[in-house]
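Questions regarding the structure given below will be posed in turn.
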Amino acid sequence: MVSKKHPQQSTPPKKKTPTFLLELPLEVEAGEAARLRGHLEAGRQFYNAVLSAGQRRLRQMRADPAWQAARSIPRTHKQERRAAFAALRERYGFSEYAFHDLAKALRVAWLADHLDAVLAQTLATRAYRALNRVCVGKARRVRFKSRGRGLASLENKRNDTGLRFVLQPPVEGRKLGYLLWHDDRLPARIDWDDPVVAHGLAQPVKYARLVRRAASSPRAQGAERAGERYFVQLVLKGAPMHKPKHAVGSDTVGLDLGPASIAIVPREAEARLEPLCAELRPDARAIRRLQRQMERQRRAANPEHYDERGRPKKRGKGAARWKQSHRYQAIRRRKAARERRLAAHRKSLHGQLAHQIVAVGHTVLTEKISYQGWQKRYGRSVGLCAPGMFIDHLKRTVASTGGTLHEVPTRSTKLSQYCHGCGTFVPKPLSQRLHQCPCGIGPVQRDLYAAFLAAYLDPAADFIPSCAQYVVPWEGAEARLRAAHERAKERAKEGQVMPRSMGIPRAGARLPESRGEATPELLFLSSRGKVEAWKRRPEPPRA
Ligand SMILES: [Zn+2]
């Protein structure tokens, strides 16, 4: 086994400088594309070879009795445990540097013609990282790259040899950029009028990455014959360009995020209750249509894979392969393109909303939510609206303005159960969309109320809500929250679709009491305290 200690291992890690990415489409002709495909195919086979050899090392290492012994060292003995695992890794050559040696040994014959040593090293690093995830229990297994899928990207480590990006001196006033690899010179399409691009290209290039993506169809713009598009991703030193400054407010904003909705309540300004990313719904519907079409095509082409009741059969060893019609493949490409477009659209909607919030105030308070739990319960909405991703986006936006986003642990605050009038915590069933308490608070839409409570949480008091702190703010807030709720109802009446969780009936729905509203029976079932609440409640609001 390899056990040679690499000289670099003992040197301190290089200081990391900030980096950012710039992606440029490449203009690739048929001959060049064929050569690129050849190189990427070599990269794929090489990656698989390293992965396979590395997997063997991992298996042998885990089969060693010393592995079990190391595992049985209690986690409290940190150093001892770490030393035991480090010794094992050393013995079996399971480290990034040992993989680089492995790459050197495997890069022979025809592979060497396609891959330079540095590219082979970055591929070995990739294989090592994949296996290391298995080793530390973050992944169950590694995936070998199939011939059909191929390698989607390949990167260098430096920009002076091998795969690299160069800018040529100006011809007719504009510089031209090329990705150089072997004997090919692939021109990049550069829009110098785009300030983001111009700023990026003014920074030093650390290294370049070639990216291959499937186009929606071979006829798509910029795609070559096989329906693929190529891009160069430049890893640049420095910071990305900041777009012209957005306005930044000084208010404090409370948020209540739902799987498909958001309530925004600033201390001073207007409150809002809105669906999250409502604009994505048509895209999502189109994708679901394509999904159904693919399902029908799969069934039509592969009747042998389904039983007489139309259920997919269990796959055994030696089962027939699934057949894919050309039409099916075309639809699959179209669906992939649509999904990419939806993801980009979602990102821009998240960005817009984040900027709108920051324009009001850059101190933001919200309850920390278990996105994983949501994923299980509301898979579809969470998958579409990605509230977790939105919070991350908002966090970055807030941080870039020098503000703070407090994510308050739900367990201690329990804002959705709290009533500031009497200081009690009463859980509401999901169907109950209004907060109304026998102590006289409400009725008020529950998400707006929770966001209001969040807006006034005090870091000095460990974010624990208390009755006294809300008395004064409530005076001014109640009307604002009502107004926000009314506005949401108005928009629903005009035909905008609202998530059911908001408790707003759809336009034209013949429901004096919508399904989102609490019914007396439901309350009766939930707890005694709330029956009282129901009795005191006036007529349910009519939309
Ligand atoms: Zn109360």
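For a test of understanding, tell me how many lysine pairs in the stretch 88-222 have Cα atoms under 24 Å apart, given they are 8 or more places apart or on different chains.
6
Would you mind calculating the gained length between GLU29 and LYS16 on full extension (0.36 nm times residue separation, minus the Cα-Cα distance), in nm to one decimal?
The GLU29-LYS16 span can extend by a further 1.0 nm.
Can you give the angle from 0 to 90° between the axis of helix 117-135 and the longest principal axis of the chain, with both taken from C-alpha atoms, to the nearest 10?
In the chain, helix 117-135 runs at an angle near 50 degrees to the longest axis.
Separate question: By a straight-distance test (C-alpha under 16 Å), which aspartates and glutamates pair with LYS313 as possible cross-link partners, with residues fewer than eight away in the same chain excluded?
GLU295, GLU304
If each DSSP helix of 4+ residues adds -39,500 (n - 2.57) and the sum is divided by the residues in the chain, what number results at 222 nm, nearest 500 deg cm²/dmol?
-14500 deg cm²/dmol
Just to be sure I follow the rule: in the stretch 325-438, considering lysines 8 or more places apart or on different chains, how many pairs have Cα atoms under 26 Å apart?
So the count of such lysine pairs works out to 14.
Something else: Compute the angle between helix 446-455 and the longest alpha-carbon principal axis of the chain, please, reported from 0 to 90 degrees and rounded to the nearest 10.
80 degrees
Oh, and also: Using Cα pairs closer than 8 Å and at least 6 residues apart in sequence, work out the relative contact order for the chain, in percent.
Once divided by the residue count of the chain, the mean separation gives 13 percent.
So if R0 is 56 Å, what FRET efficiency would ALA300 and GLN469 give, r being the distance between their Cβ atoms, rounded to the nearest 0.05?
0.30
Could you please report the charge total around ALA483, scoring K, R as +1 and D, E as -1 over all other residues with beta-carbon less than 11 angstrom from its beta-carbon?
Value of the local net charge: +1.
Here's another thing I want to ask about it. What ranking, highest mean first, results for peptides 369-380, 444-455 when packing means the other Cβ atoms within 10 Å averaged over each residue?
444-455, 369-380
Against the longest principal axis of the chain, how steep is helix 281-301, in degrees 0 to 90 to the nearest 10, with axes from Cα atoms?
Computed tilt is about 50 degrees.
For the stretch 73-173, which chymotrypsin sites (Phe, Trp or Tyr not before Pro) are both in a DSSP coil and crowded by at most 16 other Cβ atoms within 10 Å?
Sites meeting the loop and neighbour criteria: PHE144.
Read-outs: derived from the displayed coordinates by stated rules, not from any lab. If you're wondering where the values come from, they're calculated on a predicted model, not measured in any experiment. FYI the Cβ positions are ideal-geometry reconstructions off the backbone, even for glycines, and counts take in every protein chain you see.
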